[in-house]
């Protein structure tokens, strides 16, 4: 009886549609597939970029050509034909008119409404400003005027290049240089829209800033670039969400996020990643290959990464912190859920360079179905990082006997006053726990939801409220019934 | 010239000499090992398992090899005195890479069914004892050190304990390094415990000369059903000594094994220990203690492969690093699909005493089964200030307090040694080592690194 019920849950989940898998029928200007210097020049020209940025792109492109894709991840990566992808897709271009920015296609508005991201300010949750990016272009950024009153710049990076070129030039590539890795080089060559945030000295950003990324067009990839600069004594909380339609091809998403945190400043960066994970047989899904890094430059600066990873066929993502400011503090909280044939190799790097720096890593992996979920993290303490302190804890929960959970922590300590601790456990939901719940009239799937939520609580608590609700729902959907 | 080249040329030029002074069972795998070595070469530091040790650089210097098996003019039974008091062992020597059987005083008596002898001699006289096992775990295609060792090794140690035989006294093997020029020794070890057999084995590495030595050791250990093996490896050599040791253990059902690695003084040490739990209810305990100073480099790389359900593994490695010492620990626990009810714990704790000491720690879990209890922990830090303060408050001088704490730190590993006399002796040796005194057996050659 029990077995039968379990099977029916599994079927239900397996057949459950990815909620955000619809496509938007909107005219999209897509450039020819393929990647060459001409394509890089074309992207730059379409965005009307200054010459220095074109040169930056070209240098990155030339360097990228000398590289091979990395193979060290615990991933079965499908081979990606980089010439079979279109590197620029603009859904805001109308077929007849040339540039008609400012007026947004109602289809696009509808799409974002459907995703729960209203772009009209009166409808939006009052506490959140949104930059909505579809394919390669930012569709709209809300509450810009209100933020500008405080001196905060929140716009798409293309606009920032036009309007604040000095700022962009100063910080772009300063945290993640294009020589960092294969995908960083690729992104630096072809990046399209993403958000630019500049919080001036002493300003506490009054609302949550967020970017919503959406891949829509077929045969394209998304290469967004986000740059956040938080000046002395400033504060910002930034949220990122993402979805994509269901397609039977793998779509590439190779982004870079750079964060600069100055003296006494604080940045909270939260992600709920829900790219299309592929179907139950592992067909399609987004390849999420992302380089995210924050540089804690100032004394007593703080940066916190919180991520809930439920989507993507493949996740290759290590939001990292370079703690150069004395007394700086970094945190990484992550819940990564994989189901069906999803694969995740995710974690963080904490590089302690300054004195009395502190870092905390809490990672919770949940694997179900036939998925593989790995934590990979580096804690490095440089020889000058006196009094550095790190605490890492990585737990894995296995739901089912065909999935895998792996932990690959690296520690490299060069300072005798540093303390680094790492602990990891792997286990499954115990029959006792389930029995206890069942006995009290809680059905098995509710019990699993309860236990998983309790397990992930440390991380979910760190999310801003609206996101936490969303993330909790997502966890439930991703895992319902997959307990063996 | 790449470092591989000299070994390739050496083998090509001396193939016949090497084979002539060895046994057919050992020669049978040589050619394939040579081809594997030629195609793979030494691993670069980009390879995950060799991330922390530059193998090619260690093999680059020119060392002499005793391919003609000239006998070394030394009687270790006279020249060497192991000063583990109260430890009554059956004592054997391996000089460089040759099993010593010259003028033996008091050849130990062993129970029937126990063979401890030269590997090449046993392989000639009883190929049926060697052939089914030789090269089965340490495949030359898997690892460059295996390939090099299989290609060049001519002799080593063979141990066989027949079914249900219990070896009453611990067996002690002393690997003595003795030469007049810098020397490379390629030692091969094969240990077979048949079902129900039991043995305690203590292997000590010593250098009787202060020359540079480069040792490769490949050991294959088969622990049969219900068998029990305790293997203690103690390295006490000197700063000019380089050791690459690969130990492969295969455990059948219900077997128990303990593998201890104690590195007190050495130059560059790399121990790779791969344990395969291939029968249900097998249990492995691995312990390691490293006390390193000067510019010592100690790299322990372990893999525990849980292939079947109901097995247990437990791992504890502790490092104390002083001066410019570099320590590395990479422990991978692999729980394969279907290996349910696995219990595995792994701990690595490290103390860095100076700024220039460097520790790499990498405990890894790779799990493909859901009904398991696995954990690992790893720490790098320094002595507890509160504990130091407590002791100083009670009149213990700071240096002494530090020493006591360090001693207690390593003591956790030593306390797992089941040979009482050895444990006491090691406590003593480690304490002397921490005090900066001569931390070695009286039989070793004094070298400049020993703090007298």
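Just so it is clear, none of the values below were taken in a lab; they were calculated from the coordinates. All values reported here derive from a predicted model rather than from experimental measurement. Positions of Cβ are generated from backbone atoms using ideal geometry, with glycine treated the same way; all protein chains shown enter the neighbour counts.
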> Shielding of B:332-341 by partners, i.e. mean partner chain Cβ atoms within 10 Å per residue?
Replying inline: 2
>> I want the antiparallel fraction of DSSP beta bridges within chain B, as a percent rounded to 5.
In response: 5
> Per the helix-only calculation at 222 nm, which mean residue ellipticity applies to chain A, given -39500 (n - 2.57) for every DSSP H run of n ≥ 4 and division by its residues, nearest 500 deg cm²/dmol?
Replying inline: -7500 deg cm²/dmol
>> Suppose we keep just the DSSP beta bridges with both residues in the protein assembly as shown; what percent of those would be antiparallel, to 5?
In response: 10
>> Distance between the C-alpha centers of the range A:272-351 and the range B:136-175? Whole Å please.
In response: 46
> In deg cm²/dmol, rounded to 500, what helix-only [θ] at 222 nm does chain B give when every DSSP H run of at least 4 residues adds -39500 (n - 2.57) and the total is split over its residues?
Replying inline: -6500 deg cm²/dmol
> For A:269, B:317, what ranking results if the residue with the fewest other Cβ atoms within 10 Å of its Cβ goes first?
Replying inline: A:269, B:317
> Across peptide A:389-400, how many C-beta atoms of other chains are within 10 Å of each residue C-beta, on average?
Replying inline: 2
> Which value in nm describes the separation of the simple spin-label points at residue A:81 and residue B:17, placed 7 Å from the Cα toward the beta carbon?
Replying inline: 5.7
> Taking each residue of B:352-364 in turn, how many C-beta atoms of other protein chains fall within 10 Å of its C-beta, and what is the average?
Replying inline: 6
> Going by how many other Cβ atoms sit within 10 Å of their own, how do A:406, B:21, A:352, B:206 line up, fewest first?
Replying inline: B:21, B:206, A:406, A:352
> Of the beta bridges DSSP finds with both residues in chain A, what % are antiparallel, to the nearest 5?
Replying inline: 10
>> For A:82, A:191, which order do you get if you count the other beta carbons within 10 Å of each Cβ and list the fewest first?
In response: A:82, A:191
>> Rounded, prolate or oblate for the protein assembly as shown? Axes are the square roots of the Cα gyration tensor eigenvalues, ordered a ≥ b ≥ c, and the cut-off for rounded is a/c under 1.5.
In response: prolate
